[in-house]
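A quick write-up on the structure given underneath.
The values are calculated or read from the model by the stated rules, or taken from the named source; none is laboratory data. Keep in mind that this is a model prediction, so the values were computed, not measured. So basically every Cβ, Gly included, is an ideal-geometry build from the backbone, and we count neighbours across all protein chains shown. SASA here: full protein model, heavy atoms, side chains in, ligands and nucleic acids out. Shrake-Rupley method; radii C 1.70, N 1.55, O 1.52, S 1.80 Å.
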Amino acid sequence: MKLKLFLTLVTITLIMSTIAQKQIYTPELLWQLDRVSEAVLSPDGAQILFGITHYDIAQNKGNRELFVMPSTGGIYKQLTTTEISEQNAIWRPDGKKIGYLAPVNDEMQIWEMNPDGADSKPVSQIAGGVESFLYAPTGNRILFTQSVKMDKNAHDLHPDLPKANAMVFDDLMYRHWNDWTDYSYSHIFIADYPSMANVIDIMKDERAASPIPNNGGLEQICFSPDGNFIAYTSKKKTGKDFAVSTNSDIYLYDVVHKTTKNISATNAGYDVDPIFSPDGNSLIWASMVTDGFESDLKRIFGYDLKTGVTTNYSANFGESASDFIFSKDGKKLYFISGIKATFQIFELNLATKQFKQITQGRHDYRSISLQNNILIGIRESMERPADIFNINLSTGKETQLTFVNDEKLKEVASITVEERWITTTDGKQMLVWVILPPNFNPNMKYPAVLFCQGGPQSAVSQFFSYRWNFQMMASRGYVVVAPNRRGLPTFGQEWNDQISLDYGGQNMKDYLSAIDNVSKEQYIDETKLGCVGASYGGFSVYWLAGNHNKRFKAFIAHCGMFNLESFYGTTEEVFFVNHDFGGAYWNKPAPHSYSFSPHRFVGNWDTPMLVIHGGKDFRIPYAEGMQAFNAAQLQGIPSKFLFFPEETHFVLKPQNAILWQREFMGWLDRWLK
């Protein structure tokens, strides 16, 4: 016994010594990491243009600079050194210039520079500024988007009251996600290039927007190879109709004849992200079949411009697809799709409709770019923030090209991620990520945290989050249990769709199956279990707080739905609640979904809870968090309310995010250690 005790003490001493030599993730370190974005190959495939955002904690802001590097890897050159983040950086079709957006007299304008960063200057002087832009492949035209005021505000209605501060509405969608309406709609304009003359609003007088507000960017608009057509996404609905429907369409604008045609009118759900084939004879886009279902399967649709025939290429492909790119000869399509809680690159042979998975491994691809058979992508994982990789089209071999944070992380101990498949209460197999602390010792006892994912249909994939960061949680000595419960994509449509109308049902059993399974491990202290989540994950926390049978000792809910009736009455995208709840709470009879509302189980609450909410969260308004906190306080349950007046559904300011992490980890430490 003495020898065993001695050896145990030696082991613990060695582990602690190793930890002392290695740093761990801290909130400050997380916000010192640089973030890679928008990697785009030059037209000849020789160079990669990309951005790196660095955050200054003291200044409480980030700044994105532009870089180029050879597509084979090597040293990357910084092109910009300004205090304003450059946006929308793209190659001119001839590869001789890089275009981007930067301010001129406080308005965003189109700038250009040489590929080495020299000769930077603005090329547009558009009144009201530019929100995004694209070059025509032929180089003779350019398109840009700009908000056009179409509706009357309070001052238009009452011009004799210029100092009045009010908003007047007589229809829905008066606010959306993070912003109140500004009475404007994003329109697409075209102009001659380089003169920027002959500007035309191709959506003139329409109370409609492209891209769809709060639902994407320039991937929703494209030029045909000859520059004579523009395909764009728009949900040409307003007010209540916009709020209750997801029915967007793909529109084809003829630049020469100035006519517009809806080519997806027969589909009832979302149609988004069109791209032209290299010969210009066909279009591909992502299509959802069900109106009102924002998380429906994204199918690959093709449209023949000569025959008008539409083809569903996803008939035998059971997962959603995005980020489409044609091969140079137009015979193949490359895209990103989820599979078993990872996001990989796939190839579709358009003639045979055969699919091939190109990449493998435990990681997520966020974006891809293809030129001259050179394929690159931005890849990340739970262990590592994003970097740029080259992918061999034939073998799938992945070669890392950037190492943006290696210097910062070389002395930082990393987590271990284990893949575990467990049997659910209805006999299905569920993937659960088990994230172990740095320098994990199976002979020690660790507190554990159940992570409840939001969405509700958003995979617990290999994302590297700057808020729900598993490196951060595990580095503080917690085992994180992250189940891909019912309602999450990448496991087939049936698994994804099951959660609708069943919020308090099978997916809650899945959560408990996951934590119960992992808690049986000898290294878990079953008396120290926590439960955390945001958005639908926050709803999950509130629901489990009233139904957990004393499993947990601490809860943290961020921006969660608490009272489904009040949430229905104050959220903006009514199509979401109509689909997932089954309709309004005043219907007779009321949909069964409202019986799952967490506020109905508050009388069972008995566990400390931290509630977090943003003041500008219009998706789930902050009164939901207030109700939950007040309910805990009035029952004498230890609780805390962390409120960010200027944050939205997310926490994006560096100092707010660091404060969030401190309060988050502090709450877990207080009750689980």
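At-a-glance table
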read-out: Å² per residue, accessible surface of the chain at 1.4 Å; value: 42
read-out: Between region 340-402 and region 97-111, the alpha-carbon center distance in angstrom; value: 31
read-out: Per residue convex hull volume, Cα atoms of region 59-110, in Å³; value: 109
read-out: 0 to 90° range, to nearest 10: angle between helix 2-21 axis and the chain longest Cα axis; value: 30
read-out: Convex hull volume of region 33-185 per residue (C-alpha atoms, cubic angstrom); value: 175
read-out: Dipole of the chain, positive end: most advanced residue of Thr82, Phe576, Ser124 [Cβ charges, Cα centre]; value: Phe576
read-out: Estimated translational D of region 379-483 in µm²/s (Stokes, Kirkwood radius over Cα pairs; 4 °C; 1.567 mPa s); value: 83
read-out: Pairwise label distance in nanometres, Val256 with Thr395, each label 7 Å out on the Cα-Cβ vector; value: 4.7
read-out: Computed accessible area, Thr260, all protein chains, 1.4 angstrom probe, square angstrom; value: 70
read-out: Mean residue ellipticity (222 nm) of the chain, computed from DSSP H runs ≥ 4 via -39,500 (n - 2.57), nearest 500; value: -5000 deg cm²/dmol
read-out: Alpha-carbon centroid distance for the pair region 433-459 / region 212-232, whole angstrom; value: 41
read-out: 4 °C / 1.567 mPa s Stokes-Einstein diffusion coefficient of region 431-578, Kirkwood radius on C-alpha pairs, µm²/s; value: 82
read-out: Accessible heavy-atom area order of Ser320, Ser461, highest first, probe of 1.4 Å; value: Ser320, Ser461
read-out: Unsatisfied cross-links (Cα-Cα over 30 Å) in the set Lys445/Lys550; Lys332/Lys509; Lys237/Lys356; Lys258/Lys306; value: Lys332/Lys509; Lys237/Lys356
read-out: For region 298-384, alpha-carbon Rg relative to the globular expectation (2.2 N^0.38 Å, N residues); value: 1.13
read-out: Pairs of Cα atoms farther than 28 Å apart, region 530-673, %; value: 17
read-out: Cα Rg over Rh - the chain, Kirkwood; value: 0.97
read-out: Rounded percent of accessible protein surface that carbon and sulfur make up, region 109-178, 1.4 Å probe; value: 52
read-out: Reciprocal mean inverse distance between Cα atoms of region 157-220 - Kirkwood radius, Å; value: 14.8
read-out: Most to least packed among 90-101, 68-79 [average Cβ atoms within 10 Å]; value: 90-101, 68-79
read-out: Whole-percent pair-distance distribution, where bins are 5 Å wide, for the alpha carbons of region 24-103; value: 3, 14, 24, 22, 16, 11, 6, 3, 1, 0
read-out: Solution diffusion estimate, µm²/s, Stokes-Einstein, region 244-326, Kirkwood Rh from C-alpha pairs, 20 °C, viscosity 1.002 mPa s; value: 162
read-out: Angle in degrees between helix 623-634 and the longest Cα principal axis of the chain, rounded to the nearest 10; value: 10
read-out: Relative packing of 437-443, 529-535, which averages over residues the other C-beta atoms within 10 Å, highest first; value: 529-535, 437-443
read-out: Relative contact order, percent, region 257-303 [alpha-carbon distance under 8 Å, six or more residues apart]; value: 32
read-out: Computed lengthening from Phe403 to Thr82, 0.36 nm per intervening residue step minus Cα-Cα distance; value: 113.3 nm
read-out: Helix 654-672 axis, angle to the chain major axis (alpha carbon atoms, nearest 10°); value: 20
read-out: Relative contact order computed over the chain (Cα-Cα under 8 Å; 6+ residues apart), in percent; value: 10
read-out: Largest-first principal axis extents, alpha carbons of region 492-606, Å; value: 49, 35, 23
